[in-house]
Amino acid sequence: MVFPPLLLLVLLSFSPFVIVESKLSLDYYNKKCPDFGKIIRETVTAKQISNPTTAAGTLRLFFHDCMVEGCDASVLISSNHAKDTERDADLNFSLPGDAFDVVVRAKTALELSCPGIVSCSDILAQTTRDLIIMVGGPFYKVRLGRKDGMVSKASLVEGSIPRVNHTMDQMIKLFENKGFTVQEMVALTGAHTIGFSHCKEFADRLFHFNKPNTTDPEIHPLFAAALKITCANYTKDPGMSAFNDVMTPGKFDNMYYKNLKKGLGLLSSDNAMLKDPRTKPIIELYATDQQRFFDAFSHAMEKLSVYEVKTGRKGEVRRKCDAFN
């Protein structure tokens, strides 16, 4: 049978091949770039060994990317190549260089092995998962086949990423607007079990809490005293920071939740979860059962990693991760 050209085009657009090609899959690169997984593992291993904060930084970078217009590597676009990109938003000023660097290293190696095949958004997703495993976190499946976004605007960031002074109502609404439950929000916040926060993000709890108490009384007194020493010059040195998890800062575990119960949490938004009846039972569950936390975190990360992904013609495979083609 001979089809008219227009009808043939319509039929092709709905063919099983086209539909399957536009979806994510676990084996997306098996034939296109068979060394994809090996190259990512080798890259993250070398980077994490030389720079131990890479895992935390990359997890944060991935979260900031996905929460703004989906997991499309739009946060990687440099302001050198476009005006007012996501990286120019104040919430993204402190995203660590090591996280960007590990993606660039992986992209460079992959371009040598299979040029023009692997997207920067897939690299960021797989790199994040492998780094989490390296520091003791749980395995979860990463579906592949994302395309890189073709839009990156600083104006899209506000309202998409939680701020440290958000109330619990604001936090829950922000996550619910993106399809995440309260339990998934609490599980994702467990990422604070690794990494650090800059003093300016919690300084009000130390020095300017309220009139009767300059220091938040819910912070353990000894912990508060140590933080005041660490952050004494935070106004002059914005790089001053402290570990989110003071007990096991380089290990992905459930200590973050245990710390909250002991007054050892840094951020006011984290501490608010311990007081709110919607989130407190979840905090207590994860503090006592690390496997329940790992299971919940894995589920939430799988869900986050496919949030509003671009496939097919809705995106591109960038030649350089910091610039549109």
Per-region count, segment 296-313, residues in a helix (DSSP H, G or I) and surrounded by 15 or more Cβ atoms within 10 Å (Cβ to Cβ): 9
Across segment 179-199, the tally of residues that are surrounded by fewer than 17 Cβ atoms within 10 Å (Cβ to Cβ) and either free of Cβ contacts under 8 Å to residues at least 60 places away in the same chain or basic (Lys, Arg) (or both) stands at 1
Please determine whether any residue of segment 240-256 is over 18 Å from ILE194 (Cβ atoms) and not aliphatic (A, V, I, L, M). no
Does segment 155-173 include one or more residues that are closer than 23 Å to LYS47 by Cβ and either over 14 Å from the mean Cα position of the chain (by Cα) or open to solvent by less than 20 Å² (accessible area, probe 1.4 Å) (or both)? no
Would segment 232-255 turn up any residue that is assigned to a helix (DSSP H, G or I), in contact with a helix residue (DSSP H, G or I) (Cβ under 9 Å, 6 or more places away or on another chain) and under 21 Å from LYS275 (Cβ atoms)? yes
Please state which of the following conditions PRO281 fails to meet, knowing it meets all the rest: (1) at pLDDT 95 or above; (2) surrounded by 14 or more Cβ atoms within 10 Å (Cβ to Cβ). (2)
What's the number of the only condition in (1) open to solvent by less than 50 Å² (accessible area, probe 1.4 Å); (2) in a helix (DSSP H, G or I); (3) within 20 Å of ALA55 (Cβ to Cβ) that LEU266 fails to meet? (2)
In segment 200-209, how many are more than 11 Å from TYR234 (Cα to Cα), open to solvent by less than 100 Å² (accessible area, probe 1.4 Å) and assigned to a loop (DSSP other than H, G, I, E, B)? 1
Here the residues within segment 26-43 that are of a type outside the set (A, V, I, L, M), open to solvent by 20 Å² or more (accessible area, probe 1.4 Å) and not in a helix (DSSP H, G or I) are ASP27, TYR28, ASN30, LYS31, LYS32, PRO34, ASP35
Tell me yes or no: at least one residue of segment 73-90 is more than 26 Å from MET255 (Cβ to Cβ), of a type in the set (Lys, Arg), modelled with pLDDT under 95 and not in a helix (DSSP H, G or I). yes
Would you be able to say whether some residue in segment 210-217 is touching a residue at least 40 places away in the same chain (Cβ under 8 Å), surrounded by 14 or more Cβ atoms within 10 Å (Cβ to Cβ) and outside any helix (DSSP H, G or I)? yes
Looking at this structure, is PRO212 of a type outside the set (D, E, K, R) and out of contact with any Ser or Thr (no Cβ under 9 Å at 6 or more places or on another chain)? yes
Determine which member of the set PHE100, PHE93 is among the aromatic types (Phe, Trp, Tyr), closer than 23 Å to GLU201 by Cβ and under 14 Å from the mean Cα position of the chain (by Cα). PHE100
Does segment 86-100 hold any residues that are open to solvent by 20 Å² or more (accessible area, probe 1.4 Å), in contact with a Ser or Thr (Cβ under 8 Å, 6 or more places away or on another chain) and closer than 16 Å to THR128 by Cβ, and which are they? PRO96, ASP98
In segment 118-154, what residues are among the small types (Gly, Ala, Ser) and either surrounded by 24 or more Cβ atoms within 10 Å (Cβ to Cβ) or not in a helix (DSSP H, G or I) (or both)? SER119, SER121, ALA125, GLY136, GLY137, GLY145, GLY149, SER152
Residue, modelled with the highest pLDDT, within segment 228-252, restricted to residues that are crowded, with 16+ Cβ neighbours inside 10 Å and in contact with a Gly (Cβ under 6 Å, 6 or more places away or on another chain): PHE252
Output the residues belonging to segment 97-117 that are assigned to a loop (DSSP other than H, G, I, E, B) and free of Cβ contacts under 8 Å to residues at least 40 places away in the same chain. PRO115
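The values are calculated or read from the model by the stated rules, or taken from the named source; none is laboratory data. Keep in mind that what you see is a predicted model, and the values were worked out from it rather than measured. All Cβ positions, even for glycine, are placed from backbone atoms using ideal geometry, and neighbour counts span all protein chains on display. Ligands, DNA and RNA are excluded from the accessible area calculation, which covers all protein heavy atoms including side chains. Shrake-Rupley method; radii C 1.70, N 1.55, O 1.52, S 1.80 Å.
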